[in-house]
Amino acid sequence: MATTEFSLAELLICACADVWREEGEVLATGIGIIPRLAQGLAKLSHSPELMITDGEAYLTEEPVTLGARNHDGRSYAGWMPYSRVFDALWRGRRHALVGPVQVDRWGQANIACIGDYARPKRQLLGLRGFPGNSINHANSFFVPNHSRRAFVEGEVDVVCSVGYRKDRWPEGVRSDLMRIHRIVTNLCVMDFGGRSADSEHAIRVISLHPGVSFDEVQAATGFELQRADDIAETAHPTEAQLEIIRRLDPKDLRARQLKDNPPGIRVAGSAA
Amino acid sequence: MSLNKETTAAGVVAQLRDGMTIGIGGWGPRRKPMSLVREILRSDLKDLTIVGYGGADMGMLCAAGKVKKLIYGFVSLDFIPLEPFFRKAREAGGVEAMELDEGLLHWGLRAAAMRLPFLPTRTGLATDLVTVNPDLRTVRSPYDDGETLLAMPALNLDVALLHVHRADRLGNTRLYAPDPFFDEWFARAAERSYVSCETLVDRLDSDEADARCNPFERSLVAGVVEARGGAHPTSNVATGGADGSGYGWDAAHLKRYCAAAEEDGGWQRYAEEFLGADETAYQQAVGGLDHIVSLPRQVF
């Protein structure tokens, strides 16, 4: 049963959890508080087959509580040091939910730097694992600041993860192992199921968060979006989902992830 | 056996030369051989190429003007996502940068470990990794698939610097960390590896379970240095063995260090306040060895 009392952060946790629905027995990796809570929620609700870690080096069948002061009560099902993470991801057995700084119309994402690589205007994280992740396994994006700065008009400043831009793929390179599944933002959920004259993977809006219009999403995006035929309102969290979220995050770290912790159902007239 | 590989941090640095390629083990703010790094900071060494999963090691070496080139998967302190002295060096255009995917860095170390010129991979293709590293080349599979692959060149190291929990004078080591990271591959990729440790003993004679915590064989180890607390301000967590639970990273100290990056002359002041003439002076300046080894482990 849906409830009316929930925050936008909680709505996003539920929308993010959905990226792992029907993905099978893969390593689910959510980077950041909201994606991490989402991976735990996915495992404890619709996708118990997912493998997740304790945030360090061990696999656990019971998602860890965020903000814990010590390791008391934790139990481990397996071992997943970074070397094994690479082994698993090069084989494709992973779906990561990552937070890029820029995303373009081809799904290429940037976390490396803004401006020129040789002498960046702003050095960001670097390429990290994006090149290897993106060419080997499914990825989804979490972008909590849907804007033209995040969804850029042209190509991202540094292409850290592969996308669907054909002329970026040299002849003979296998592109069939990659997949960008979904983009969850503070305004909507998108996928790559759109078709256009020049793309078989155009970004399209599949659901709008309560109180958000398609036009508003389009205005906050630097490229043209498609609109899914069956576009819907993003599902509200159920009481059962909220209960799991509260259990995984007893210190309410989720309330500090979005500026002013807005409500899940936007109050009429308030700005994005 | 008469092998005795015990040396000191100064003894290790005396083996290093300007322009060398040095791999540093650990990962971000975790299990860095910082006492050896500090001895480099105190030295006249320069024009180094530093290879690793960087944290304050790379940041400090950049700040102190020791670095010609960085080869890295990232340079981060985890809870502070971007190492501030690394950021400053990059934005000033002061160091050459070979920025790699994390997995690709390990692939280059593996190629070096096997004395191969390269190892094939898909990682990096169809991204700007190949644009910002224009020396990288591709190969075509000689088999029927004909696939185009990136040829990740071997990252041959002159020296690897690593930090473990225990070692003996023969160069046998024990690592009780939750994650050994890629220390083994740094050791195998290097001509010589120098290992600092929390506890040095004459000879490790342990049971089978403990012997499985040996991360690499002793023939890869050229020298061992006893350095209790030597990973500070990075962590050195232990989940077994005879050394208790190890210690977490020193978040307060790392914040103080990062604040220095925001000040003009901040690095010089940091170095004057903390670096000292040797490791004993450093440990006194940061609150003492007891403080270091009792820092609680971070919980994720």
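Things to note:
- Here residue B:214 and residue A:267 are evaluated by their C-beta separation; at R0 = 45 Å the FRET efficiency comes out at 0.15.
- For residue A:159, the residues whose modelled amide H falls within less than 5 Å of its own, excluding neighbours fewer than 5 places apart on the same chain, are B:128.
- Fraction of antiparallel bridges per DSSP, the protein assembly as shown only, in percent to nearest 5: 40
- Gain on full stretching of the segment that runs from residue B:298 to residue B:252 - 0.36 nm per residue minus C-alpha separation: 15.3 nm
- In segment A:8-256, one over the average inverse separation of all distinct C-alpha pairs is 18.7 Å, which is the Kirkwood hydrodynamic radius.
- Buried solvent-accessible surface, both chains (A, B), 1.4 Å probe, Å² to nearest 100: 4100
- Here the simple spin-label model places points 7 Å from the Cα toward Cβ, and for residue A:243 and residue B:44 these points are separated by 7.2 nm.
- Evaluating 6.51 cos²θ - 1.76 cosθ + 1.60 at θ = phi - 60° for every residue in segment B:269-285, the Karplus couplings come out as 5, 4, 5, 5, 6, 10, 4, x, 7, 7, 5, 4, 5, 4, 5, 5, 5 Hz, glycine and proline recorded as x.
- The orientation-averaged projection of the convex hull spanning the C-alpha atoms of the protein assembly as shown amounts to 27.0 square nanometres.
- Convex hull (Cα only) mean projected area of segment B:160-222, reported in nm² to one decimal: 3.8
- Segment B:96-120 and segment B:230-268: distance between their alpha carbon centers, rounded to Å: 28
- Karplus 3J(HN,Hα) series, Hz, for segment B:92-109 with 6.51 cos²θ - 1.76 cosθ + 1.60 (x for Gly, Pro): 7, x, x, 10, 6, 10, 10, 8, 10, 5, 4, x, 5, 4, 5, 5, x, 5
- Space enclosed by the convex hull of the alpha-carbon atoms of segment B:154-283, per residue, Å³: 136
- Surface composition of the protein assembly as shown: carbon plus sulfur atoms hold 47% of the accessible area, using a 1.4 angstrom probe and ignoring ligands, DNA and RNA.
- Per residue, the accessible area of segment B:107-233 comes to 41 Å² when a 1.4 Å probe rolls over the protein heavy atoms.
- Long-range amide H partners of residue B:235 with built H, under 5 Å: B:30, B:31, B:32, B:249
- For residue B:164, the residues whose modelled amide H falls within less than 5 Å of its own, excluding neighbours fewer than 5 places apart on the same chain, are B:196, B:197, B:198.
- Computed 3J(HN,Hα) for segment B:53-66, one whole-Hz value per residue from the Karplus formula 6.51 cos²θ - 1.76 cosθ + 1.60 where θ = phi - 60°, is 8, x, x, 5, 4, 5, x, 5, 5, 5, 4, 7, x, 8, glycine and proline marked x.
- Over the protein assembly as shown, DSSP H runs of length four or greater, each weighted -39,500 (n - 2.57), average out per residue to a 222 nm ellipticity of -6500 deg cm²/dmol.
- Whole-number accessible area per residue in Å² for segment A:8-256, which is evaluated in the context of all protein chains at 1.4 Å: 42
- Other protein chain Cβ atoms within 10 Å, averaged over every residue that makes up B:96-105: 6
The values are calculated or read from the model by the stated rules, or taken from the named source; none is laboratory data. Here the structure is a predicted model, which means the values were calculated and not measured. A quick note on method: Cβ atoms are made from the backbone with ideal geometry, for glycine too, and the neighbour counts reach across all protein chains shown. Note: areas computed on protein heavy atoms with side chains; ligands, DNA, RNA excluded. Shrake-Rupley method; radii C 1.70, N 1.55, O 1.52, S 1.80 Å.
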